[in-house]
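Have a look at the structure below, then the notes.
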Amino acid sequence: SRLYHKPARSSTFKKLGKDDVRHFERILPAETILATPAVGGSADPIELEGFNADWLNKYRGSSQLVLRPKTTKEVSDILKYCNDQGIAVVPQGGNTGLVGGSVPVHDEVVLSLRNMNKIRSYDELSGILVCDAGCVLEELGNYVGERDHIMPLDLGAKGSCHIGGNVATNAGGIRFLRYGTLHGSVLGLEVVLPDGTILDNMSTLRKDNTGYDLKQLFIGSEGSLGVITGVSIATPRKPSSVNVAVLGVPSYENVQQAFKLARRRCGEILSAYEFWDANCMGAVLKHQELKNPLSSDYPFYVLIETSGSNKDHDDEKMGALLEELMEQGIVEDGALAQDDSQISRMWAMREGIPESLGKTGPTYKYDVSIPIPVLYDIVGDIAGRLETAKLYTPGEPGNPVRLVCGYGHIGDGNLHLNVVAEKFEDRITNIFEPYVYEWVSSHRGSISAEHGVGLMKRDYLGYSKSPEMISYMKRIKDLFDPKGILNPYKVV
Ligand code: FAD
Ligand code: S2G
Ligand code: ZN
């Protein structure tokens, strides 16, 4: 069955040969090279499996060579050679991407940043961190956490994803509502261009208005314009008082009302507003060692977090909000975390959704931005279409589709529509594509809120960007990567 549209291998790319691997063996330390016998190496192809398959196990390539350079110079030497030879390359971070952007489509060389994981400097006064692109987000969080700061982004993939991958995908996550986009918190980047040029813009200045801000082009470029090897990023101070509550909400309308009230009552200390529906909760309670903190099941759940610097003030605000929500019947139940372990259990519930859905079966994921009032409508709409097509009956096992659910960063107008199926197959994919993109576009939304375009959505860019915008994107791609060797077949 068609997992996804796999474009034909472009004949402009050289087929890797033994001579190429010999060359890499001359310029790179042996331990950074994983080459199969097919290209004159000695690695068992199974060792490349994790680099060729994506997190969803939905996208799969057939790379015969993985390079894991330790320095920016090695990255530059690799790219210069590949550019001269016309060898295609896919940059890879933690390989937690969800749109097929991080794995080869065919036999592209995988350039993994995992060996570039050093912290270069940290200034505790300003909170500015300068580090290699291959640093794992959770490890950076621990490092700055010991110095009373936090990373300006947090996502469920933190244990594996790299800061370089986060920048390359312009990742959003659960702190976006409070700390905003990486386009704001990233102060500088070190990027190696396909021809080997090292663009050193590792500024640690908050303000630098000298010419075009080139780093912004690489934020969200998904490995298609250059390989990010270094990141300079502003990290906020760790809030001294954090409150988290999980609420049971009877309708999507009430989820919106609770958001409005939370913004009014919590104001500047509101730091997260996440929601998920009953089907998500069912999957989490089934696959995670977690209990529902509320005394009953509800159609919707909301997680509210406040982060401030004055515990009494913050407690009073959260307490007043919860009271008002209950009094007005906007929510029917609520649990306020009493200590840090309860806070992390509540967050684990929200962050455990993707893994729980993955354990339920192969998952179709549509990460979209939609105006909040209609954001959840698409979930019922899609469920209805699947029922009409006799592919799904809510609550009844044994159908090709097991579960339809919606959750996400509703504070950012970002829905994660997820459909768990027996297997990825045409007759299901055709229900969603292009319907979901048409639906989102007709509601003036975006077909990709935070996960990027990758391979999955390349053919659908026109639903969210004008032909003129796309043609200038292609001109920028041609400027930085005239031979098209970087992450071919994806993004534009
Ligand atoms: P990879 O998956 O390795 O690569 C992603 C893309 O970036 C690819 O196109 C790749 O070519 C490119 N790339 C990677 N490193 C570099 C580099 N150094 N230079 C140039 N290009 C590079 N995403 C969100 O935005 N918000 C979420 O809340 C969120 N939650 C998630 C939860 C789970 C459980 C999972 C599995 C994923 C989640 N994601 C989320 C998606 C994913 O984690 C993010 O896109 C993340 O930023 C990818 O980082 P990575 O290091 O794994 O990159
Ligand atoms: C999240 C993870 C990906 C998905 O949990 O916020 O970004 O859609 C998502 O499961
Ligand atoms: Zn998300």
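Simple point charges give the picture: +1 on the Cβ of Lys and Arg, -1 on the Cβ of Asp and Glu, and for the chain a dipole about the Cα centre of about 1380 debye.
With helices as the sole contributors, the chain gives -9000 deg cm²/dmol at 222 nm; each DSSP H run of n ≥ 4 counts as -39500 (n - 2.57), and the sum is divided by every residue.
When +1 charges are put on Lys and Arg Cβ atoms and -1 charges on Asp and Glu Cβ atoms, the dipole computed for region 18-115 relative to its Cα centre reaches about 200 debye. Put a dot 7 Å past the Cα of Y435, heading toward its Cβ, do the same for A278, and the two dots end up 2.2 nm apart. Surface exposure of region 359-402, expressed per residue as accessible area with a 1.4 Å probe, stands at 43 Å². Within the full protein context, the accessible area of D377 is estimated at about 80 Å² for a probe radius of 1.4 Å. Does region 354-464 come out rounded, prolate or oblate by the C-alpha gyration tensor, with a ≥ b ≥ c the root eigenvalues, rounded set by a/c under 1.5 and, if not, prolate when a/b is larger than b/c and oblate if not? Prolate shape, in that a/c is at least 1.5 and a/b is the bigger ratio.
Candidates G384, P371, H451 compared by Cα position along the dipole of region 361-451: farthest toward the positive end lies G384, with charges placed on Cβ. Look at the dipole of the chain built from charges on Cβ: of S11, G159, G398, the Cα furthest out on the positive end belongs to S11. Among E289, E396, the sequence by solvent-accessible area, most first, with a 1.4 Å probe is E289, E396.
At the residue level, F176 shows approximately 70 square angstrom of accessible surface with a 1.4 angstrom probe and all protein chains present. Surface composition of region 361-451: carbon and sulfur make up 51 percent of the accessible area, probe 1.4 Å. Accessible area ranking (1.4 Å probe, heavy atoms, ligands and nucleic acids excluded), largest first, for I46, I304: I46, I304. If you take every DSSP beta bridge whose two residues both sit in region 38-154, what share of them, in percent to the nearest 5, is antiparallel? Antiparallel: roughly 45 percent of the beta bridges in region 38-154. Each residue was assigned an accessible area with a 1.4 Å probe, and for Y59 the value is about 10 Å². Run the accessible area of region 241-353 with a 1.4 Å probe and give the carbon-and-sulfur part as a rounded percent. Summing carbon and sulfur atoms, their accessible area is 46 percent of the total for region 241-353.
With 0.36 nm allotted per residue and the present C-alpha distance subtracted, the R60-E396 stretch has 117.8 nm of extension available. Between D381 and I119, the simple spin-label model (points 7 angstrom out along Cα→Cβ) gives 4.6 nm.
Taking 0.36 nm per residue of sequence separation and removing the Cα-Cα distance, the D208/Q328 pair yields an extension gain of 38.4 nm. For K474, go through the lysines and keep the ones whose alpha-carbon is under 26 Å away, minus same-chain ones fewer than eight residues off. Correct list for K474: K6, K14, K15, K80, K215, K457, K465, K483, K490. Think of a 1.4 Å ball rolled over the protein heavy atoms: region 18-115 then has 36 Å² of accessible area per residue. In this Cβ point-charge picture (+1 for Lys and Arg, -1 for Asp and Glu), region 403-492 has a dipole of about 320 debye about its Cα centre.
Along the axis of the charge dipole computed for region 119-234 (Cβ charges of +1 for Lys and Arg, -1 for Asp and Glu, origin at the Cα centre), the listed residues G172, I233, V191 are led at the positive end by G172. Here the average projected area of the convex hull drawn through the C-alpha atoms of region 119-234 stands at 6.9 nm². Label-to-label distance for R9 and E268 is 5.9 nm, based on points extended 7 Å past Cα in the beta-carbon direction.
For region 244-337, a/c is not less than 1.5, where a ≥ b ≥ c are the root eigenvalues of the C-alpha gyration tensor, and a/b tops b/c. That puts it in the prolate class.
For the chain, the calculated P(r), taken from all Cα-Cα distances in 10 Å bins from zero up to the bin holding the longest distance, is 4, 19, 28, 26, 16, 5, 1, 0 percent. Overall shape: prolate for region 18-115, with the ratio a/c of the largest to smallest alpha carbon gyration tensor axis at 1.5 or above and a/b above b/c.
The values are calculated or read from the model by the stated rules, or taken from the named source; none is laboratory data. Quick caveat: nothing in here was measured; it's all calculated off a predicted structure. Ideal geometry is used to build each Cβ from the backbone, glycine not excepted, and the neighbour counts take in all protein chains shown. Quick note on the areas: whole protein, heavy atoms, side chains included, nothing else; ligands and nucleic acids left out. Shrake-Rupley method; radii C 1.70, N 1.55, O 1.52, S 1.80 Å.
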